[in-house]
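The values are calculated or read from the model by the stated rules, or taken from the named source; none is laboratory data. In this text the structure is predicted, and so the values were computed from the model without any measurement. As a convention, Cβ positions derive from the backbone with ideal geometry for all residues, glycine included, and neighbour counts pool all protein chains shown. Surface areas here come from the heavy atoms of the whole protein model, side chains and all, with no ligands, DNA or RNA. Shrake-Rupley method; radii C 1.70, N 1.55, O 1.52, S 1.80 Å.
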Amino acid sequence: MAHQRSSPSPEPRAGSGVPVRIVVASAVFLTLVGVLCGGIWAQGGFAAGERLPAEPGESIDNDLFTLTAHEATLEHEESFGRVRQQVVVHGELALHDDEAVRSSTILNSLLDLELLPGGHAPDPSAELLLERRVEAGAVSLVQPRSTEDVRLVWYVPEEVETVDEIRLVVQDAEYGAGFIDDQKRWWNPDDTAAGQYVLPVAGE
């Protein structure tokens with residue numbers, strides 16, 4: 001008696017003729033993409049990339065401070081017979097924290113300066129001066145719950161011949177422990193920006 005070979009059951013299809021498993025897989029994929037995009041949007045990921053630079057006199061704030069930059073100037077400092085160029089951002093800094101914060105934390109961890117054209121980075125050394133006591137020099141601590149007219153100073157590397165404008169990025173700030181230590185500090189673990197300025201640089 002010959003045995004008749006049974007043919008496989010036809011795969012269920014959606015109304016358009018597309019197999020149901022493909023429709024289900026596509027729906028799951030689109031759902032995951034939607035969740036991912038929603039998370040990025042909630043963290044300001046897309047908005048940060050499209051955000052226009054703030055105008056001079058507009059404020060940019062994060063959880064630690066509010067910066068209002070007015071202008072940038074190119075100045076010269078003579079020390080021990082050596083003349084160095086420096087970019088100075090004039091503005092106001094309002095600290096939100098209840099404790100004093102090191103100026104180096106603000107300058108080196110939460111502000112990024114780019115010298116244009118060329119996209120050069122300034123020298124690692126940077127200084128924060130209070131307008132009301134410029135003659136006293138740079139300050140190491142910004143006092144709690146204070147608002148000060150400030151000068152933010154970055155030194156221009158010797159190999160940089162021209163600085164026409166600067167891009168100053170204000171990073172988001174979070175108070176917490178690091179990835180490899182338990183010491184709490186102000187930093188930007190997600191590498192996201194609260195905003196930026198693009199300022200022309202006026203010479204002396």
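Report yes if Ala121 is modelled with pLDDT of 95 or more and under 18 Å from the mean Cα position of the chain (by Cα), otherwise no.
yes
Just a yes or no: is a residue in the range 120-135 aliphatic (A, V, I, L, M), buried (at least 18 other Cβ atoms within 10 Å of the Cβ) and in contact (Cβ under 8 Å) with a residue 40 or more places away in the chain?
No, the conditions are met nowhere in the range 120-135.
Of the residues that make up the range 147-160, is at least one on the phi > 0 side of the Ramachandran plot, over 17 Å from the mean Cα position of the chain (by Cα) and at pLDDT 95 or above?
No, the range 147-160 contains no residue that is on the phi > 0 side of the Ramachandran plot, over 17 Å from the mean Cα position of the chain (by Cα) and at pLDDT 95 or above.
Being among the β-branched types (Val, Ile, Thr) and touching a strand residue (DSSP E or B) at 6+ places or on another chain (Cβ under 7 Å) is the filter here, so list the residues in the range 169-191 that pass it.
Those that are among the β-branched types (Val, Ile, Thr) and touching a strand residue (DSSP E or B) at 6+ places or on another chain (Cβ under 7 Å): Val169, Val170.
List pairs: first residue in the range 71-83 and open to solvent by less than 90 Å² (accessible area, probe 1.4 Å), second residue of a type in the set (A, V, I, L, M, F, W, C) and not in a strand (DSSP E or B) anywhere in the structure, Cβ distance under 7 angstrom, at least six positions apart or on different chains.
Leu74/Val163
Has the range 93-103 got at least one residue that is part of a helix (DSSP H, G or I), at pLDDT 95 or above and not acidic (Asp, Glu)?
yes
For the range 117-124, check the following and say yes or no: at least one residue is touching a Pro at 6+ places or on another chain (Cβ under 7 Å) and closer than 17 Å to Asp149 by Cα.
Checked against the condition, which is being touching a Pro at 6+ places or on another chain (Cβ under 7 Å) and closer than 17 Å to Asp149 by Cα, the range 117-124 yields no hits at all.
Looking at Glu75, Glu135, Glu99 in this structure, which one is within 25 Å of Val198 (Cβ to Cβ) and of a type in the set (D, E, K, R)?
The match here is Glu75.
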